[in-house]
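The values are calculated or read from the model by the stated rules, or taken from the named source; none is laboratory data. Because the structure is predicted, anything quoted here is derived from the model rather than measured. We place every Cβ from the backbone using ideal geometry, glycine too, and count neighbours over all the protein chains shown.
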Amino acid sequence: MNLKHLLIGTATVALLAACSSTKPLETAAPTENGSAGAGQSATLPADTGAAGQGTVAVDPLKDPNSPLSKRSVYFDFDSSAVKQSEQQTVANHAEYLKGHPNRKVVIQGNTDARGSREYNLGLGQRRAESVKNAMQVIGVKENQLEAVSFGKEKPKATGNTEADYAQNRRADIAYDGE
Amino acid sequence: MPIVKTLIRAMLLLCLAAAGVARADMTIEIVGGGANRHAIAVLPFQNETTQVREALTPIIRNDLLLTGAFRMVDPASAANPAFEPAQINYPAWRGAGAQSLAIGKVEAAGGQVKISFRLFDAAQQKQLTSGEFTVTPERSREVAHTIADMIYEAITGQKGIFNTRISYVLKSGRDYLLQVADMDGRGAQTILRSKEPIISPAWSPDGGKIAYVSFEAKKPVVWVQNLVTGQRHIVANFKGSNSAPAWSPDGRQLAVVLTTSGTSQIYVIDANGGGARRVTHSNAIDTEPAWSPDGSQLYFVSDRAGGPQIYVQPVAGGSARRLSWDGSYNVSPKVSPDGRTLSYIRRAAGQFRVVVQDLASGDNRVLSSGAYNERPSFAPNSRMVLFASDEGGKSVLYAATPDGSSKVRLAVINGDVQDPAWGPFNRP
């Protein structure tokens, strides 16, 4: 199972490299079969152990029923303030990080709408920094946190309705290795 | 194993499809022209359809037309074709309305060809300029651009831009392709392909490198790529986001935006990636730096007063002066290479318009007509502005004269062309 996965991954990477050799440079293999795969295999032993015995705690980061499965913090239009409804999500992750000082997160800020790509990068950064600051207030160490921005470049919803825009006014909490 | 085989086949197909997109040239279309255009007749060159790869005069006519400064007089207006000065029937050309006319020929010269041309004033019957080029037949397009440059300069007194290049990001399906093409959209080459966003390409003053922001490391990082060797290196990868690269006029430094202070601020770093010095000091977003041509000032966007507006500040430090006063959202400033004009994007009534502003008087005008435009940049002779425009969900490029009298549309059939940047006169 694992071996086959690996084989396909290698073939894909080799082929991608082959087509790039015509001229253009190519960035590292796409995240779907590249770094994400590596991260999953690193945490695999914990998962199988838990399934086998039942007495070992499930990694709450992998548990769909854990409050930690909620990784997105949503914002109001033109705002970078962490609103009331989102504070629990931030607090849950902050508590987990306090209890796991070796874990690190990247907080990825996003924006809706149109406008300058670079200015939107700044607005997304402001949202990410706002979540980061809230976590530091709760007591998370600065070296566990990095705030970055995707601006308007990686929208979750690509439509043009208010519901789509609301989906994109967001900061995502990504743990190291994810 | 069959799965792997199928996958390989699928990947090969993908490769081929992507290569097709990478090679696809842009389509060019001239949309309107000014009133006071110079009437020129560019007569077909002798042997140009048989001796060289591409006939020269269609390229020359196209180049001159897209500046908005010329009007073409039909070469068939005068009965006799002319390849030599003595063959020119001046009264017939003047009767057809020509103010000037160009003649030329292609002659075999060993394994190469000799391409020569002359430009005459139709009223004075006087030669204005001439040139002779001995090259391989494959290089006719390049020679045609050079002849167009010489004609443009002889008539307008300004340097021509027909051998310059543009860079932009082509979004094709899920791929981001950083491309470089001739200014007329031809000869597009992909210099970087990624599954993650690429934004903000910026040309080095020597025309040999492009700085850009890539998201391949799951965060914005500033890279510099050499166009000759293809090698690239990271110049800014600090904790947080790294973006908005802009080369200093001497090519030694880059202004970039870093977030190490907790908000987006402008820094100046060595072009090789050494030592960062903070230039702006605010609690706001300061971004999109653009150098003045003398390298002493930085134009930039800041929302220190609420909405984003354009400011200018000495690179050495000092207070910032606000330059944009109309509208609540002004972004993406660029200064013309002659230092006289500022172009930027203004949001007004939900539309994002290209604005050009006279720096001395502050007078400004809206240049674009579409509802959504982004990232203006000037041609190196300051006579045209390039920007991206959304047309019914598809992004294309426009090059327009700053007075708005002429516009050229550049588009790719299967993809969105975004974040353009006009390169310098220099070529590596």
Just one listed residue, out of B:200, B:241, is buried (at least 23 other Cβ atoms within 10 Å of the Cβ), within 17 Å of the chain's Cα centre (by Cα), modelled with pLDDT of 95 or more and within 7 Å of chain A (Cβ to nearest Cβ), and it is B:200
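Determine which member of the set B:173, B:185 is more than 13 Å from every other protein chain (Cβ to nearest Cβ) and closer than 24 Å to residue A:117 by Cβ. Walk me through how you get there before you give the answer.
Numbers: B:173 fails: more than 13 Å from every other protein chain (Cβ to nearest Cβ).
Of B:173, B:185, the one residue that is more than 13 Å from every other protein chain (Cβ to nearest Cβ) and closer than 24 Å to residue A:117 by Cβ is B:185.
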Just give me the residues in the stretch B:244-253 being surrounded by 24 or more Cβ atoms within 10 Å (Cβ to Cβ) and of a type in the set (Gly, Ala, Ser), in sequence order. B:244
On the given criteria, is residue B:382 at pLDDT 95 or above and either in a strand (DSSP E or B) or over 20 Å from residue B:183 (Cα atoms) (or both)? no
Quick check on my filter: what residues within the stretch B:157-169 are more than 15 Å from residue B:215 (Cα to Cα) and either facing chain A (nearest Cβ under 10 Å) or buried (at least 24 other Cβ atoms within 10 Å of the Cβ) (or both)? B:160, B:161, B:162, B:166, B:168
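Given the criteria modelled with pLDDT under 90 and either closer than 19 Å to residue B:151 by Cβ or exposed (fewer than 15 other Cβ atoms within 10 Å of the Cβ) (or both), does residue B:71 qualify? Don't jump to the end; show me each part of the working.
Values: modelled with pLDDT under 90: no; either closer than 19 Å to residue B:151 by Cβ or exposed (fewer than 15 other Cβ atoms within 10 Å of the Cβ) (or both): yes.
Answer is no for this residue.
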Would you point out which residue out of B:423, B:415 is in contact (Cβ under 8 Å) with a residue 24 or more places away in the chain, surrounded by 19 or more Cβ atoms within 10 Å (Cβ to Cβ) and touching a helix residue (DSSP H, G or I) at 6+ places or on another chain (Cβ under 9 Å)? B:415
In contact with a Gly (Cβ under 6 Å, 6 or more places away or on another chain) and within 11 Å of chain B (Cβ to nearest Cβ): is that true of residue A:133 in this structure? no
Mind listing whichever residues of the stretch B:254-281 are farther than 20 Å from residue B:224 by Cα, within 14 Å of chain A (Cβ to nearest Cβ) and either in contact (Cβ under 8 Å) with a residue 24 or more places away in the chain or surrounded by fewer than 16 Cβ atoms within 10 Å (Cβ to Cβ) (or both)? B:260, B:261, B:262, B:280
Can you give me the ranges of the strands (runs of 3 or more DSSP E) entirely in the stretch A:63-166 with at least 2 residues that are within 16 Å of the chain's Cα centre (by Cα) and crowded, with 23+ Cβ neighbours inside 10 Å? A:105-110, A:145-151
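So if I check each of B:367, B:410, which one is surrounded by 23 or more Cβ atoms within 10 Å (Cβ to Cβ), in contact with an Asp or Glu (Cβ under 9 Å, 6 or more places away or on another chain) and either away from chain A (no Cβ under 14 Å) or more than 26 Å from residue B:171 (Cβ to Cβ) (or both)? Explain how you work it out, then say what you get.
On the way: B:367 fails: surrounded by 23 or more Cβ atoms within 10 Å (Cβ to Cβ).
The conditions single out B:410.
Could you identify the single residue in B:332, B:302, B:336, B:324 that is of a type in the set (S, T, N, Q), assigned by TED's automatic domain parsing to the domain that holds residue B:385 and without any contact (Cβ under 8 Å) to a residue 24 or more places away in the chain?
Details: B:332 fails: without any contact (Cβ under 8 Å) to a residue 24 or more places away in the chain; B:336 fails: without any contact (Cβ under 8 Å) to a residue 24 or more places away in the chain; B:324 fails: without any contact (Cβ under 8 Å) to a residue 24 or more places away in the chain.
Only one candidate qualifies: B:302.
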Counting only residues that are more than 15 Å from residue A:118 (Cα to Cα), surrounded by 19 or more Cβ atoms within 10 Å (Cβ to Cβ) and not β-branched (Val, Ile, Thr), how many does the stretch B:324-336 have? 2
Contact list please: Cβ distance under 9 Å, first residue in the stretch A:113-126 and at the interface with chain B (Cβ under 7 Å from one of its Cβ atoms) and more than 19 Å from residue B:311 (Cβ to Cβ), second residue assigned to a helix (DSSP H, G or I) and of a type in the set (S, T, N, Q), pairs at least six apart or on different chains. A:114/A:120
